[in-house]
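So the structure is just underneath, and the comments pick up after that.
The values are calculated or read from the model by the stated rules, or taken from the named source; none is laboratory data. Keep in mind that what you see is a predicted model, and the values were worked out from it rather than measured. We place every Cβ from the backbone using ideal geometry, glycine too, and count neighbours over all the protein chains shown.
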Protein chains: 2
Amino acid sequence: MSKFIRASIQKMNGYSWGEQPGKIDNLIKLNTNENAYPASPEVTTALDNLNLEDLRTYPAPLADELRAEIAHIHGISLENIVLTNGGDEGLRLAMTTFVNPGDSFCFAHPSYSLYPVLAHIQDAMICPIPYSDSWEIPNQFASKISSYDAKLTCLVNPHAPSGTLYTVSEISKLADHIPGVLLIDEAYADFVDPELNYQSASLLENHDNILILRSFSKGYSLAGLRLGYLLGSNPLITPILNKTRDSYNVGSIQQKIGIAAITDQDYAQSIWSRIRDNRTHLQKQLNALGLTSPPSQSNFLLAHVNEDFGLTAKKLYQSLKKMDIYVRYFDDTYLKDHLRITVGTQEQNTALINAIEQVLHV
Amino acid sequence: MSKFIRASIQKMNGYSWGEQPGKIDNLIKLNTNENAYPASPEVTTALDNLNLEDLRTYPAPLADELRAEIAHIHGISLENIVLTNGGDEGLRLAMTTFVNPGDSFCFAHPSYSLYPVLAHIQDAMICPIPYSDSWEIPNQFASKISSYDAKLTCLVNPHAPSGTLYTVSEISKLADHIPGVLLIDEAYADFVDPELNYQSASLLENHDNILILRSFSKGYSLAGLRLGYLLGSNPLITPILNKTRDSYNVGSIQQKIGIAAITDQDYAQSIWSRIRDNRTHLQKQLNALGLTSPPSQSNFLLAHVNEDFGLTAKKLYQSLKKMDIYVRYFDDTYLKDHLRITVGTQEQNTALINAIEQVLHV
């Protein structure tokens, strides 16, 4: 390691992304929570309309046209929105803007494994607060966050990797009782059943310490594009927009594709509905095989591979991989008995179930 | 300002980007150094081949295919390259990876006004080292950098906003005599006259403290895409690749378009040559009007608006703007008598000269 690298960077581990195998024929990729269905046909039209002149010049620095569409969808104002190069950039920008080196950063553990990586880079104190077995918000979460005096707390909702949804009133209560900023990481919120009426943007009206992170990666089938956004009160968003983000952090193509995707709500809602249907069906089928999972409001299920199953989670993951079916195994104390399985198309889910049956019968 | 914002972020000023006016008919935009000519026809083909499946899944996390093409162009290895979301991200990543809060960061002033902004965000000590009048590397630059014990120094080459080129041997000597990392910001290096044989990548063989920043924005006419890369020794590049960059910082479309652009070297070289021709001609014409500029190896000229010219630089900038011709005026002690003018197409340059004549005759 070069002497030029900061000591804290030398010591830390980087983020381990899920396997991204190259082109494999008939690959069934259920390991990184990509949307099983493609983006809207409007995105195809937008791709067809791209031209060299759009690329020759710098992008609109504030992406106002896309921000206006997002504002419309959420019923908020333009100045409550900042676009990011994928949701990950939103997380990094929150760290950069609100957490001084040495300050505390909290999150419920386990959740997105990028959180501690970003905190390490910022030289923050990393304060994970463990879940109980039930994946509810940890006991005395607010008082623990307060005892650390955390400047930033991240909560994934619906939670990853369990899929559990916390209610708007639970979040509101949490935000009321902590000293710093609460970032609700809603990477998977598009898959929440509309009957649950989960409307978190309403929280912004009464909380000056809430940030909501959204992503086009999952809900809009655009993981390859890198596009996300933060919602928050004007005083939280403005310094990110004008100071801490890179000045042209979101390119022209990202802005155009984003507009095409988010304005076709009919299409988006139709695929979210299909994924919810597939999720219900897959959960039942996995359950019938002895692989139970918590109720999920996301596009994945956290299957518990218990002692009676016949083989370990790791072994099941490896067996499926040999059959070109990728699911996510975490080499982690909390999660080693689990597999996180992205909800696929009906055909993919059937192939997965058949493969698990085959593995069990060997 | 919210109490949640870090004190150092509250105090600092953000980056002021050049004006990006919306669509104006017959606009002549010579203020942000975009390439006057469009990207390669191969980019059009790549745009035509984009599809929803590329966007549905995550991008190749290390962008190996594009890195291989870049390695080929520069005659270096894959592991000496990390791609970034525009050159600006490369600058930020260098700051994040090599400069601890409180450490010193040096640069020759004036240059890219983003440098101190990034240093502020990292809580670094900002140590600008002033140019003399001649735009040569500042006197005793290395010893001043050493006296600050700078962990990172940025040098734009060709320099912006003057266009001056420093030689490989000058850079080599500088790197040998400073304590930290030297980042050569080559955003404009594609426009250097090939007869000067400026081959900076050769510096990497004998220097473990040099980073070279390249951008697709100017040379490849892709400012709207956001794509750049850093070259450096393996020990400098690896922690950026695996730890400090966002894991999917460059999207699938950026990677595909980047490959299309960089592999069409014939086209790229043809437009660089045209810009050099236009630059020579424009410089002569401006000179004839009394607007002298240093020899430029970039795609812009720094025109000196001296006391005898008849109106101030600011006034000339404003007059041209009224005629829908945008050039860059810096409200800065060093630069207030100058305008930075991007080299346009022949037609644009002629229109600029005509407009200046018109302003002078009023």
query = Which pairs do you get when a residue that is within 7 Å of chain B (Cβ to nearest Cβ) and within 16 Å of B:R92 (Cβ to Cβ), found in the range A:235-262, comes within reach of a residue that is of a type in the set (K, R) and in a helix (DSSP H, G or I), reach meaning Cβ atoms under 7 angstrom, with the pair 6+ apart or on two chains?
reply = A:D246/B:R92
key: Residue among B:G75, B:G86, B:G102 that is in contact with an Asp or Glu (Cβ under 7 Å, 6 or more places away or on another chain), surrounded by fewer than 21 Cβ atoms within 10 Å (Cβ to Cβ) and of a type in the set (G, A, S)   = B:G102
remark   = Residue count, the range B:291-336, condition modelled with pLDDT of 95 or more and in a loop (DSSP other than H, G, I, E, B), comes to 12
key: Residue count, the range A:126-157 (criterion: within 14 Å of chain B (Cβ to nearest Cβ) and of a type outside the set (V, I, T))   = 4
message = Looking only at the range B:40-68, count every residue that is touching a residue at least 40 places away in the same chain (Cβ under 8 Å), among the acidic types (D, E) and closer than 26 Å to A:Y15 by Cα and tell me the total.
response = 2
message = For the structure I just gave you, tell me whether A:A108 is crowded, with 21+ Cβ neighbours inside 10 Å, touching a residue at least 24 places away in the same chain (Cβ under 8 Å) and of a type in the set (A, V, I, L, M).
response = yes
request  = Identify all residues within the range B:204-220 that are within 25 Å of A:R56 (Cβ to Cβ), of a type outside the set (D, E, K, R) and within 13 Å of another protein chain (Cβ to nearest Cβ); write none if there are none.
outcome  = B:S215, B:F216, B:S217, B:G219, B:Y220
key: Members of the range B:27-67 that are within 26 Å of A:G86 (Cα to Cα) and of a type in the set (K, R)   = B:R56, B:R67
ask   = Going through the range B:143-158 one residue at a time, which ones are crowded, with 19+ Cβ neighbours inside 10 Å and touching an Asp or Glu at 6+ places or on another chain (Cβ under 9 Å)?
value = B:A150, B:K151, B:L152, B:C154, B:L155, B:V156, B:N157, B:P158
key: Hey, B:E195 acidic (D, E) and either within 14 Å of chain A (Cβ to nearest Cβ) or in a helix (DSSP H, G or I) (or both) or not   = yes
message = For the range A:16-56, give me each residue that is β-branched (V, I, T), facing chain B (nearest Cβ under 9 Å) and out of contact with any Gly (no Cβ under 6 Å at 6 or more places or on another chain).
response = A:V43, A:T44
remark   = Taking the range A:271-313 and keeping only residues that are in contact with a Lys or Arg (Cβ under 7 Å, 6 or more places away or on another chain) and of a type outside the set (A, V, I, L, M, F, W, C), one is left with A:S296, A:N299
key: Selected residue (only one of B:P101, B:P59 is assigned by TED's automatic domain parsing to the domain that holds B:I184 and farther than 30 Å from A:I24 by Cα)   = B:P101
remark   = Over the range B:96-123, the set of residues at the interface with chain A (Cβ under 10 Å from one of its Cβ atoms) and touching a Leu at 6+ places or on another chain (Cβ under 7 Å) is B:F98, B:V99, B:L114, B:L118
ask   = Which residue out of A:A223, A:A160, A:A187, A:A201 is closer than 17 Å to A:G90 by Cβ, more than 14 Å from chain B (Cβ to nearest Cβ), assigned to a loop (DSSP other than H, G, I, E, B) and touching a strand residue (DSSP E or B) at 6+ places or on another chain (Cβ under 9 Å)?
value = A:A160
query = Residues A:L165, A:L196, A:L213, A:L183: which one is closer than 24 Å to A:Y131 by Cα, in contact (Cβ under 8 Å) with a residue 60 or more places away in the chain and surrounded by fewer than 18 Cβ atoms within 10 Å (Cβ to Cβ)?
reply = A:L196
